[in-house]
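Report on the following structure.
The values are calculated or read from the model by the stated rules, or taken from the named source; none is laboratory data. This one's a predicted model, so the numbers in the text were calculated from it and none came from an experiment. Positions of Cβ are backbone-derived with ideal geometry, glycine not excepted, and every protein chain shown enters the neighbour counts. Calculation scope for accessible area: heavy atoms of the full protein, side chains included, ligands and nucleic acids excluded. Shrake-Rupley method; radii C 1.70, N 1.55, O 1.52, S 1.80 Å.
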Amino acid sequence: MKNDLCESLTAIVGRGAAALLKIPDDRASRPLGPGKWSPKQIVGHLIDSAVNNHARFVRAQLQDDLVFPGYDQDGWVRVQRYDERSWPALVDAWRTANTQIAAVMSAVPVSELTRPRQRHNLHEIGFRPLPAGDQATLEFLMRDYIAHLEHHLKQVCGHAELARSVFP
């Protein structure tokens, strides 16, 4: 069953991958500023986010809470040495990971998407933190994942023409 989450993610990833592949490899290797990640490292971070959130989306359907471990984002990027990888290969890995997440999103019954959970740690692991006392849903977590992905795509596709092609 396709839903708006699946369709939204699929569209953003399709447009995003096309825009990312317009960036030359040498530019993708350059940090966006002093102490900042390069586009390669940002896409690597998005791969790490996809891996972690894929597991969260599946586990959320098998447990009564939305409590998940976080991860050392800088450490993951550092040890995987994304800055040394091929840009097209990174973009392809990111697209593939999100294709799987879109499939998970499309398979979630509406009752699971909207099932309220009192216990969660989305105030600790969320991109847009949800206060600890508020009820959380898997739908909120999935929408938060998409918002995080869009945020980083806008960072990488900072040029107006690329940003417009991804976010019309």
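The order of the peptides 40-53, 70-83, 6-19 by mean Cβ neighbours within 10 Å, most packed first, is 40-53, 6-19, 70-83. Straightening the chain between residue 84 and residue 147 buys 20.0 nm, computed as 0.36 nm per residue apart minus the Cα-Cα spacing. Charge tally around residue 82: other residues with Cβ under 10 Å, Lys/Arg +1 each, Asp/Glu -1 each, net +1. Rolling a 1.4 Å probe across the protein heavy atoms gives the chain an accessible surface of 50 Å² per residue.
How much length, in nm to one decimal, is gained on full extension between residue 96 and residue 22, taken as 0.36 nm per residue of separation minus their Cα-Cα distance?
Extra length available between residue 96 and residue 22 comes to 24.8 nm.
Segment residue 32..residue 107, full-extension length gain: 23.3 nm, with 0.36 nm per residue of separation and the alpha-carbon distance subtracted. Counting heavy atoms of the protein chains alone, residue 36 has an accessible area of about 130 Å² for a 1.4 Å probe. Considering only 60, 136, 103, the Gaussian network model of the chain with Cα springs below 10 Å gives its largest mean-square fluctuation to 103. Each other residue within a Cβ distance under 12 Å of residue 141 adds +1 if Lys or Arg and -1 if Asp or Glu, for a net charge of +2.
Leaving out ligands, DNA and RNA, and with a 1.4 Å probe, what % of the accessible surface on the chain is carbon or sulfur? Carbon with sulfur: 54 percent of the solvent-accessible area.
Solvent exposure of residue 120, expressed as accessible area, is near 20 Å², computed with a probe of 1.4 Å over the protein chains only.
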